[in-house]
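The values are calculated or read from the model by the stated rules, or taken from the named source; none is laboratory data. Since this is a predicted model, take the numbers as computed values, not measurements. Here Cβ is always computed from backbone atoms with ideal geometry, including for glycine, and neighbour counts include all displayed protein chains. The protein model used for the area step is the full one, side chains on, heavy atoms only, and it has no ligands, DNA or RNA in it. Shrake-Rupley method; radii C 1.70, N 1.55, O 1.52, S 1.80 Å.
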Amino acid sequence: MGGRLWTAEEEFALRRISRNRLPLAANMNLLPGRTYDAAKAHAAKLHIRLASVDDWSANEIDTLKSIYRSKRSIKCQVAELLPKRNYNSARAEAIRLGIAGKKAGTAGRTGYSWVLRAVETTLSDDGSLTSKAIALRIGTTVGAVNFVIRNNRKRFHIDGWSGIAPHIAARWALGDAKDAPKPAKRTHSENDRVRRLRESVRAGRINPFATLIQQVAA
């Protein structure tokens, strides 16, 4: 039923994540083009056991605290001292613990203040992102990201939209700017045209890359 088939390389990446007990959410860069939910579902289908997403051991937390006390590069130390974590997950955990960024309100794992700080830090570093992309980077839920954005709208604005109407998602950015207008919904005729095109692609009657190849070759 449609969808892109999983390749042997992608399944190898899932097995490698499982074998090394790495958190899936922090290693989605090994599966470009895949969503966290899709990767988790496919791992279950293959009976690949995944480690808990955000379980930090006491030793890892102590190491993280020492990293943030040090004057050396945080990214370099994370790669060297926390090989099973990446910079984004380490930064998110540091913000949760209240040892990175500006403290505001409740520190630690309870409350939403750490989510707000993490969202602001991530958008400052990475530019505009959807709520789902932000959640994956900082290790929380889409609902938590939407909650802090909704309750702090003067700090964020919609920089653009991803996807095709009606299946679209706002891309959030920092700043109290005017929101980008929401794309209009497709008409029934446009929906029918897209449906017929997809059916032709799946049936092999149309090569979706043909036009792009012709443009590159021209």
Checklist entry - Where a Cα-Cα gap under 29 Å defines reach, which lysines qualify for K75, not counting those fewer than 8 residues away within the same chain? => result K40, K65, K84, K102, K103, K132
Next on the checklist: What's the ranking of 64-71, 145-152 by average number of surrounding C-beta atoms within 10 Å, highest first?
Outcome noted: 145-152, 64-71
Next on the checklist: Given the whole protein assembly as supplied and a 1.4 Å probe, what does the accessible area of S162 come to in Å², nearest 10?
Outcome noted: 40
Checklist entry - On full extension of the chain, what length is gained from V201 through V142, given 0.36 nm per residue of separation minus the C-alpha to C-alpha distance? => result 18.0 nm
Item to check | Net charge of Cβ neighbours under 13 Å - reference A203; Lys, Arg +1; Asp, Glu -1 | outcome: +4
